[in-house]
Structure formats: structure tokens, C-alpha cells
Amino acid sequence: MKPQRSRNPETPNTETPKKKLRFFFILGRNPELSRAEILAYLQARNRTHKEILFNENILIIETDDNEKFNIQEFGGTVHFGKITFEGNQQELKKYLNKTEIIPSDKFSYGMFGNESPETLKEIFKKRKKKATQKHGKNQIKFQDGKKQEFPKADFYILFHSTSPNTYHLTPNPSSSARVYLGIATQTYNNEEVKKRDMQKPVRRESLAISPRLSKILINLSGAKPHTLMLDPFCGIGGILQEALIKKINVYGIDKDKQATIDAEQNLKWLIKQYKINSTYKIENKDARNSPDLQFFAIATETPLGKTLRKKPNDNEAKQIIQNFEAYIIPILKKLKKVKKPSAKIAITFPVVKVFHTDAKKIAEKTDLKIHTNPILESREDQNISRDIIVLQ
């Protein structure tokens, strides 16, 4: 056996370091949840990444230059693109004077970020471009009450600078504000998703989970293509459907027999319609009887309680939460046994008025750890909202 040669510590490392790129994500109505989804997606795939900035509905991530993103993989991202400039105001001025931002003579554009649109307007005017800034009537209302315009345009531009209130996650060598500029290369296509949801054979309006939230739960769970994911409260298959689209093998159970019949019908239609090769199995059983298949991931929308036609009083709200906690603890104990030790459970807990499910107590009683703290997902017209939490 030939002895191994020892490496000379003085020999320089000739490996070329991987080039880094920075990408931006324009996040939807629940930015905190959308951010958690993107980070979980990257972590599950062991992708090298660094979070650079998170401010309101803007997220900037640094990754290797060979990283590929498909915006349709995510439930909470509206626009996605590459950062083409980062620097201070002086560097920005030089960059804008010598760089063609949009290679077109006539176009409309929408802007995201806190930088003044006048800067770009002057550049476009100087180059005699017929550029129209679109503001649009569409607005997304965030959970903190703020509103953001989401215009319809030919191009979407991120133009944002750091400020004292900006969540900048990497230390800056300069004390001056950093300016980020980029053009979106992908925009979320809701039409195809909506079509898929509306055309499936069986729909259940009042209890249905949206495709958007389904994708978010799947990504938070860490499920990846060709792995096996469990939904122990599968209903008519909303989460299972989005997982199959993402090439994930799925196993769904529900104690409601009619729901499982409907789910079977929906998934058969989906597989035929979209020529899906991933596998699925649906069973009519209680979540406490989940099969021990050592699932790679679990993503589910729990029964949040019966539909309330009016707001409950405080005592009724507390009772709903207490009943849920007593109900979910033995189920989570079972789910802990049927998943791989490292597998995550992305799950929803009910929120009624100001009363939240006690996630810390549930984690202690089920011997699970809280991997991602509860993130509220709510709408003004709902009497029961959700906390989305990831357990491990």
C-alpha cells in the first residue's frame, strides 16, 4: 500500500473560491412567514446561503452563483431577481451613468424599496426612454396593517437602501447606507395555481387550505423531491396535491371517510392532468393511528375547530384552545414515533381572539423541540386564525 503524502501547510490553496451572488425576494402578505419558508427551503437542501437583509417585504440572500430558484416552488414570494448593484450613493451614481438598467426603449415598470423613484426617472429621461412607472390599484395588506402596491408592469425593480430601521444581517465595512438595485427575473404565476385549485373535482370552500399556505407548510417541513411526507389531517388533499406537484411522495390520512374519498378523486385527477410520477396513498383512519413509516417530513393543517359564525367571548375562546391542546398532545406523541428523528413537523395551531395555543407546553408534553417559533397567519374576516409552528 502506497503511503499517503503529507500536505505541505505552506502550499497555497489553488482552488478557485466559488463566486457568490445575491438575490432578492419580494414577499407577500405575511413577510415573516415567507422569510421562514425560503430559509427552510435552502436549509433542507443544504444549500450554502447567507441572509443579508430583511426589511418589511424585502429579503436579500447570498448564495453560490450556480444556485437555481423557481419562484413557483414558494407560496409566499411575489417577485424574485438578482441584485445587480450594491454600494453607496457615490458608487450608485457611477453605476447608473454607465450601465443599461433595462434594455428597452419603451416599457412600464413597478418599484419596490425605499429609494426615491426620481433617481431612475432622471436616468430613463436622460437616455430618452419612454418609461412609465406603474402604481396600480392592487394592494397587499400586511398583517401589521401596512399596505404595499403590487403594480402590473413590464419590469419590476428593487431599489432599496439600508437605514436605521432596516434589518441588515451582515456587518457593513462602511457606515454609509448601502443601496441595492436589481431587476426581477421571475414573477409568481397565480393563474396556473388558481386554475389547478378551481378545476379539481372536489372543492370544500369553508375548510379548504389554500395552495399558497400548502406550499409554505411543505417547505417549512423540509420535504424534498422523492422523499415521503405525511399529512395526518389530509382532508380532501390540498397539501398532498401541492406536494405531488413538487415531486414529493405523499401519505395522507383522515378520520373523515368522505374526505378521503374526495382526496383520492382529487389526486387521481391531478396525476392524470399533470402527468405526475410521484406516488400517493390515502387512508381513512385517525391521526393517532398513523403508520410507522419513518416519514421524512410531516406537513398538516390541524382541525382548528368548528366554523364560528360570530366572535366567541373570552371564556368560549379559552375553552376552544384548551380543547385543542388536550386533543393534539397524544397525536403529536404518535407523530414523533412515526417520523425520522431529524424530521420536522410543520403544523397549524388555532388562535382565537387574543388566545394562542401554548406551543411551549405542547412541546414539553410531547418531548418535541420548537424548531421555528409560532408565526401568526390571520385575516380580518376570520374568527379563528392560525399560528404556524415547526416542531422537531
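Here the sum of -39500 (n - 2.57) over DSSP H runs of 4 or more residues, divided by the residues of the chain, equals -9000 deg cm²/dmol at 222 nm, to the nearest 500.
Amide hydrogen proximity for Leu27: with H placed 1.01 Å from N in the peptide plane, the residues at 5 or more positions away or on another chain lying under 5 Å are Ile58, Leu59, Val78.
Rounded to whole numbers, the Karplus 3J(HN,Hα) couplings from phi for region 96-105 are 5, 6, 10, 10, 7, 6, 10, x, 8, 8 Hz, using 6.51 cos²θ - 1.76 cosθ + 1.60 with θ = phi - 60°, and x at Gly and Pro.
Phe124 sits among other residues whose Cβ lies under 12 Å from its own Cβ, and their net charge, with Lys and Arg +1 and Asp and Glu -1, is +4. Of all lysines in the structure, those lying under 29 Å Cα to Cα from Lys19, and not within fewer than 8 positions of it along the same chain, are Lys50, Lys68, Lys82, Lys93, Lys94, Lys98, Lys224, Lys246. Annotation: the antiparallel percentage among DSSP beta bridges lying fully within the chain is about 70. Backbone phi angles across region 186-195, fed through the Karplus curve with coefficients 6.51, -1.76 and 1.60 (θ = phi - 60°), yield HN-Hα couplings of 9, 10, 4, 9, 7, 5, 5, 5, 5, 4 Hz in residue order; Gly and Pro are listed as x. Once both labels are positioned 7 Å from their Cα atoms along Cα-to-Cβ, the gap between Lys130 and Glu73 label points is 3.9 nm.
Secondary structure note: in region 192-391, about 50% of the DSSP beta bridges are antiparallel. Exposure proxy shown here: for Asp154, Asp254, Asp387, the number of other Cβ atoms within 10 Å sets the order, fewest to most, as Asp154, Asp387, Asp254. Phi-derived couplings, Karplus 6.51 cos²θ - 1.76 cosθ + 1.60 at θ = phi - 60°, listed residue by residue for region 341-348: x, 8, 5, 9, 10, 9, 9, 9 Hz, with x used for Gly and Pro.
Sparsely packed loop sites in region 304-392 (the GluC sites (Glu not before Pro) outside DSSP H, G, I, E and B with at most 12 other Cβ atoms within 10 Å) comprise Glu380. Under the simplified labelling scheme, the Asp64-Lys195 pair shows an inter-label distance of 3.5 nm, with each label point 7 Å from Cα along Cα→Cβ. In a DSSP loop and with at most 12 other Cβ atoms within 10 Å, the trypsin sites (Lys or Arg not before Pro) in region 79-135 are Arg127, Lys128. If amide H atoms are built 1.01 Å from N in the plane of the peptide, which residues on other chains or at least 5 residues away come under 5 Å of the amide H of Met229? Excluding prolines and chain starts, which carry no amide H, the hits are Asn249, Val250, Tyr251. Label reach from Arg204 (point 7 Å along Cα→C-beta): in region 256-291, amide nitrogens under 11 Å belong to 256-264. Each Lys or Arg adds one and each Asp or Glu subtracts one; over the other residues with Cβ under 14 Å from the Cβ of Asn284, this totals -2. Remark: the Cα gyration tensor places region 192-391 in the oblate category, a/c being 1.5 or greater and a/b not exceeding b/c. For Ser210, no residue has an amide H sitting under 5 Å from its own, ignoring neighbours fewer than 5 places away on the same chain, with H placed 1.01 Å from N.
Counting 0.36 nm for each residue step from Tyr95 to Arg45 and taking away their Cα separation leaves a gain of 14.5 nm. Shown for Met229, Met111: other C-beta atoms within 10 Å of each C-beta, ranked fewest to most, produce the order Met111, Met229.
Note on Cα extents along the principal axes in Å: of the candidates [x] 60, 53, 38; [y] 74, 66, 45; [z] 65, 59, 48, the value calculated from this structure sits at [y]. Taking 0.36 nm per residue of sequence separation and removing the Cα-Cα distance, the Lys275/Lys255 pair yields an extension gain of 4.3 nm.
Where a number appears in this text, it was derived from the coordinates with a stated rule and is not lab data. Just so you know, these numbers come straight off a predicted model, no measurement behind them. Cβ sites come from the backbone with ideal geometry, for glycine too, and all protein chains shown count toward neighbours.
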